[in-house]
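Working notes, beginning with the structure itself.
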Amino acid sequence: MTELLPLLLAGAIAFGVTMYVLLDGFDLGVGILFPFADTEDDRDRMMNSLAPIWDGNETWLVLGGAVLFGAFPKAFGILTAAFYLPIMLMLIALVFRGVAFEYRFKFRSRWPWNLAFCAGSMVAAFAQGVILGAYVRGASGVDHQFHWFGVFPLFTGVAVVIAYALLGAAWLNMKTDGPLAILMRRRARMLLVASLGCIAVVSVWTPLLEPAIAARWFSLPNLFVLAPIPVATAVTGWLVWYGLRDDSHDAMAFVASVVLFLITLGGLAISLWPWIVPRSLTIWQAASPPESQIFLGVGLAAILPFVLAYTAHNYWVFRGKVPTGSGYH
Amino acid sequence: MELTALLLSRIQFALTIGFHILFPTLTIGLALLLFAHEALWLATRRAIYLQSCRFWSRIFAVNFGMGVVSGIVLSYEIGTNFAGFSEATGNVLGPLFSYEVLTAFFLEAGFLGIMLFGWKRVPGWLHIMATGMVAIGTLISAFWILAANSWMHTPAGFEVRDGVFYATDWWAVVFNPSFPYRYTHMVLASLLTTAFVAAGVGAWYVLRDRHAEFGRMTLRLAVITAAVLAPLQLVAGDFHGLNTLKHQPMKVAAMEGHWHTETGVPLLLFAIPDQAAEKNHFEIGIPKIASLILTHELDGELKGLTEVPPEDRPPVAPVFFSFRVMVGIGMLFIALAATGLVLLLLGRLFAYPLYLKALIAASPLGFFAVIAGWVTTEIGRQPWVVAGLMRTADSGSATVQTSEVATSLALFSVVYLLLLLVFIGVILGLIRKGPTTGPEPEQQPRFATA
């Protein structure tokens with residue numbers, strides 16, 4: 001039981017992070033795509049497609065941090081301190097992105113808040129990508145230093161911006177219609193190609209960076225067990241491409257791009273297992289004592305189903321295409 | 001004092017949490033106001049209550065957004081800037097924060113969209129339920145965060161092994177000795193702050209004779225609320241103070257500027273505390289009253305700051321002054337609320353421009369009282385981060401550089417100042433615009449139903 005608990009809670013954090021990446025991923029993606037809209041009306045629609053849900057989407061980030069704090073306090077302290085500047089940059093960017101939802105509709109000149117929304121989304125996505133890259137590469141030294149200012153983390157920063165933009169474009173294709181949806185489909189296809197390129201580069205680059213990751217993927221029998229993953233990536237990529245053909249497969253295109261993210265995150269999890277501070281502390285070494293993990297685990301197990309239920313209900317209330325002209329504000 | 005990463009981190013945390021607390025303070029009160037007015041709308045179908053819901057929910061939305069974005073910063077700063085603290089206390093406090101996210105943040109977020117944008121999309125009963133869920137969410141959020149904060153003042157239900165805290169009794173952790181008092185005091189502060197904001201807004205409309213019916217309704221309800229809550233807050237504050245005297249006597253000694261253990265201690269109205277000389281300059285006091293308030297006896301004995309070595313004493317001057325600011329505003333609120341109640345009973349509530357102007361001037365004071373109260377209790381806990389057990393000096397992140405914290409502190413200072421100005425401007429703009437007198441939201445072109 002004491003062996004299993006840290007595993008379950010690490011699973012809860014992985015779930016929270018995955019929810020965050022998918023949900024706030026398309027939010028941030030919409031922000032990144034803001035400059036590509038043709039008119040202010042289109043930007044109204046883009047923002048209105050997120051207005052009732054973005055707060056809940058961002059809450060998964062807080063959940064991830066809080067559960068990490070409670071279930072793996074050592075890892076929380078080490079990781080957040082190690083990524084001090086990228087985290088601060090991300091938080092300030094998220095502040096600008098978040099307040100733009102309200103302030104954009106309150107001012108006659110909208111460009112400052114368009115800028116805050118777009119730059120905030122872009123910087124937050126980039127910072128998350130940088131943290132991800134440095135995290136995958138792992139810590140070094142006794143004080144667990146992560147060198148986030150390097151070619152690989154900067155590349156993953158750009159990759160996350162591109163991938164979030166893909167999610168955002170697929171979301172907008174699903175939630176809008178007319179010229180905006182057509183524009184987003186076109187952008188989404190370009191972003192899909194770029195995203196698949198980034199996935200390929202990262203897939204080759206990580207084993208080269210870290211021999212342990214190479215061994216994980218290219219030893220026998222792992223090679224055969226894991227071989228379906230790149231195949232699944234390719235098939236899913238084709239499904240996104242196919243779904244973006246016309247306006248009748250908008251939901252499929254969005255779901256397939258979500259699946260593309262799930263496969264990529266799964267691949268990263270395989271590379272990182274069983275570390276929580278990569279190649280420095282395992283899940284078990286960083287775990288809080290059972291009394292904390294049980295208290296936390298019971299709460300997660302009892303409450304998360306309700307959270308998922310009313311979150312789903314909220315999406316259901318605001319289902320369908322966002323019409324032009326009539327905003328929320 | 002040397003500018004270390006820890007000192008800059010503490011300044012940054014004080015700045016970011018001081019900025020943040022402004023918004024939840026109003027959120028809690030406004031959520032309950034909105035729920036009450038929506039209930040009145042459903043019960044009476046008087047358009048003025050619906051107008052009120054529409055008006056205050058616009059302000060609520062802006063305020064809530066500011067609270068969300070500034071709150072996320074705090075949840076990460078506990079790790080980024082205080083890794084020492086989070087590694088020592090994570091076993092105990094981490095689960096409390098997790099419960100806050102699970103039971104409060106998701107609840108608020110899950111129903112906020114319906115509350116703000118769902119008038120046309122859901123039936124009336126579901127809409128008021130959403131408003132109620134958001135209101136309950138704000139109270140649950142305050143519950144967990146104040147449980148965690150109170151534990152830092154009066155830790156309970158734990159044991160310490162190798163400098164790390166381990167929970168032994170979760171009930172005792174959550175319901176630690178100061179928590180019920182702190183929670184009551186803070187929730188009352190939120191409601192009172194909101195009541196005076198609403199009173200100021202109502203008074204402004206009455207004085208300007210704009211949206212006067214809405215103004216009168218708002219002012220009347222606000223004055224009644226304040227007349228109930230302001231004296232109640234005095235009682236709650238007194239109980240909280242007695243609890244602090246029991247568990248953190250040095251904090252109370254700093255609040256009272258009281259250096260040496262004595263009987264029949266005077267209540268100081270003014271003084272300049274001198275930390276090095278262990279005494280006050282320019283004391284003005286009322287004999288024996290501090291003893292009376294704190295021990296309920298004229299000749300009761302109170303412990304002075306010199307009971308503990310200098311390195312265990314909190315900085316006295318900020319605690320002493322911020323406490324007086326808080327209490328002074330509280331007394332002013334009682335006077336204004338009592339005056340309002342008398343005028344209301346005489347049917348003269350809207351008759352005196354001077355009183356209306358006083359309410360307008362007093363409308364932001366609740367926020368100052370809240371900040372002053374937090375300065376009192378948090379600086380009063382020093383030099384400890386967990387009272388009596390872990391020093392603030394040991395709470396920092398060893399791997400974070402001074403230059404990094406200086407960078408983030410500079411960024412936060414600029415960004416938060418800018419956003420505070422924008423926020424005040426937008427709120428004043430919304431108040432100036434007033435409640436919309438146009439068609440009810442049901443008739444406005446909203447979202448096409450899917």
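The values are calculated or read from the model by the stated rules, or taken from the named source; none is laboratory data. Only a predicted model underlies this, so the values are computations on that prediction, with no experimental measurement involved. Every residue, glycine among them, receives a Cβ derived from its backbone with ideal geometry; neighbour counts consider all protein chains shown.
Here is a yes/no grid of residues against (1) within 30 Å of residue A:169 (Cβ to Cβ); (2) among the small types (Gly, Ala, Ser); (3) over 25 Å from the mean Cα position of the chain (by Cα):
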residue: A:204; (1), (2), (3): yes, no, no
residue: A:211; (1), (2), (3): no, no, yes
residue: A:215; (1), (2), (3): no, yes, yes
residue: A:243; (1), (2), (3): yes, yes, no
Kindly establish whether residue A:257 is at pLDDT 90 or above and in contact with a strand residue (DSSP E or B) (Cβ under 9 Å, 6 or more places away or on another chain). no
Exercise. Assess whether residue B:99 counts as being facing chain A (nearest Cβ under 10 Å) and surrounded by fewer than 23 Cβ atoms within 10 Å (Cβ to Cβ).
Key: no
Reported set for region A:1-14 where residues are surrounded by fewer than 19 Cβ atoms within 10 Å (Cβ to Cβ) and in contact (Cβ under 8 Å) with a residue 40 or more places away in the chain is A:1, A:2, A:3, A:7, A:8, A:14
Among residues of region A:257-286 being free of Cβ contacts under 8 Å to residues at least 40 places away in the same chain and in a helix (DSSP H, G or I), the residue surrounded by the fewest Cβ atoms within 10 Å (Cβ to Cβ) is A:266
So residue A:107, is it more than 12 Å from chain B (Cβ to nearest Cβ), over 17 Å from the mean Cα position of the chain (by Cα), of a type in the set (Phe, Trp, Tyr) and more than 30 Å from residue B:167 (Cβ to Cβ)
no
- Task: Report whether or not residue A:96 is in contact with a Gly (Cβ under 7 Å, 6 or more places away or on another chain), away from chain B (no Cβ under 11 Å) and of a type outside the set (Gly, Ala, Ser).
- Result: no
So the helices (runs of 4 or more DSSP H) completely within region B:112-227 holding 1 or more residues that are crowded, with 18+ Cβ neighbours inside 10 Å and charged (D, E, K, R) are B:179-208
Of the residues in region A:40-53 that are in contact with a Phe, Trp or Tyr (Cβ under 7 Å, 6 or more places away or on another chain) and part of a helix (DSSP H, G or I), the one that is nearest to the other protein chains (Cβ to nearest Cβ) is A:48
**Item:** Flag if residue B:55 is under 24 Å from residue B:26 (Cβ atoms), in contact with a Pro (Cβ under 6 Å, 6 or more places away or on another chain), facing another protein chain (nearest Cβ under 7 Å) and not β-branched (Val, Ile, Thr)
**Value:** no
### Message
Condition (residue is touching a residue at least 40 places away in the same chain (Cβ under 8 Å), more than 14 Å from chain B (Cβ to nearest Cβ) and farther than 30 Å from residue A:48 by Cβ) applied to region A:154-174: is it met by at least one residue?
### Response
yes
Taking region A:123-139 and keeping residues more than 12 Å from the chain's Cα centre (by Cα) and in contact (Cβ under 8 Å) with a residue 60 or more places away in the chain leaves A:135, A:136, A:137, A:138, A:139
Taking region B:429-440 and the residues there that are without any contact (Cβ under 8 Å) to a residue 40 or more places away in the chain and within 11 Å of another protein chain (Cβ to nearest Cβ), the one that is nearest to residue B:205 (Cα to Cα) would be B:433
Going through region A:271-291 in order, the residues found to be farther than 11 Å from residue A:136 by Cα and hydrophobic (A, V, I, L, M, F, W, C) are A:281, A:283, A:284, A:286, A:287
Discussion item. Please verify whether residue A:99 is free of Cβ contacts under 8 Å to residues at least 24 places away in the same chain, closer than 22 Å to residue A:288 by Cβ and either in contact with a Ser or Thr (Cβ under 8 Å, 6 or more places away or on another chain) or of a type outside the set (D, E, K, R) (or both), treating the condition exactly as stated.
Written reply: no
Exactly one of A:83, A:26, A:34, A:101 is out of contact with any Cys (no Cβ under 8 Å at 6 or more places or on another chain), more than 11 Å from every other protein chain (Cβ to nearest Cβ) and of a type outside the set (Asp, Glu), and that one is A:26
Considering residues that are in a helix (DSSP H, G or I), at the interface with chain A (Cβ under 9 Å from one of its Cβ atoms) and either of a type in the set (Lys, Arg) or under 27 Å from residue B:87 (Cβ atoms) (or both), the number found within region B:392-421 is 6
> Can you spot a residue in region A:287-303 that is more than 21 Å from the chain's Cα centre (by Cα), within 9 Å of another protein chain (Cβ to nearest Cβ), among the aromatic types (Phe, Trp, Tyr) and surrounded by 15 or more Cβ atoms within 10 Å (Cβ to Cβ)?
Replying inline: yes
Scanning region B:102-111 for residues that are among the small types (Gly, Ala, Ser) and crowded, with 24+ Cβ neighbours inside 10 Å gives B:109, B:110
Return a yes/no flag: does region B:307-330 have any residue that is closer than 19 Å to residue B:199 by Cα and either crowded, with 17+ Cβ neighbours inside 10 Å or of a type in the set (A, V, I, L, M) (or both). yes
Per the filter on region B:290-307, residues at pLDDT 90 or above and among the β-branched types (Val, Ile, Thr) are B:306
Reported set for region A:293-313 where residues are over 22 Å from residue A:23 (Cα atoms) and among the polar types (S, T, N, Q) is A:293
### Task
Determine, yes or no, whether residue B:143 is aromatic (Phe, Trp, Tyr) and modelled with pLDDT under 95.
no
Conditions (1) touching a strand residue (DSSP E or B) at 6+ places or on another chain (Cβ under 6 Å); (2) of a type outside the set (Phe, Trp, Tyr); (3) surrounded by fewer than 18 Cβ atoms within 10 Å (Cβ to Cβ) -> residue B:344 fails only (1)
Apart from one, (1) under 20 Å from residue B:81 (Cα atoms); (2) in contact (Cβ under 8 Å) with a residue 40 or more places away in the chain; (3) within 8 Å of chain A (Cβ to nearest Cβ) all hold for residue B:389; the odd one out is (3)
Taking region A:143-159 and keeping only residues that are assigned to a loop (DSSP other than H, G, I, E, B), under 15 Å from residue A:80 (Cα atoms) and more than 20 Å from the chain's Cα centre (by Cα), one is left with A:143, A:144, A:146, A:147
Over region B:117-132, the set of residues more than 7 Å from every other protein chain (Cβ to nearest Cβ) and in contact with a Ser or Thr (Cβ under 8 Å, 6 or more places away or on another chain) is B:120
From the option list A:65, A:56, A:120, single residue qualifying as more than 8 Å from chain B (Cβ to nearest Cβ), within 18 Å of the chain's Cα centre (by Cα) and crowded, with 24+ Cβ neighbours inside 10 Å is A:120
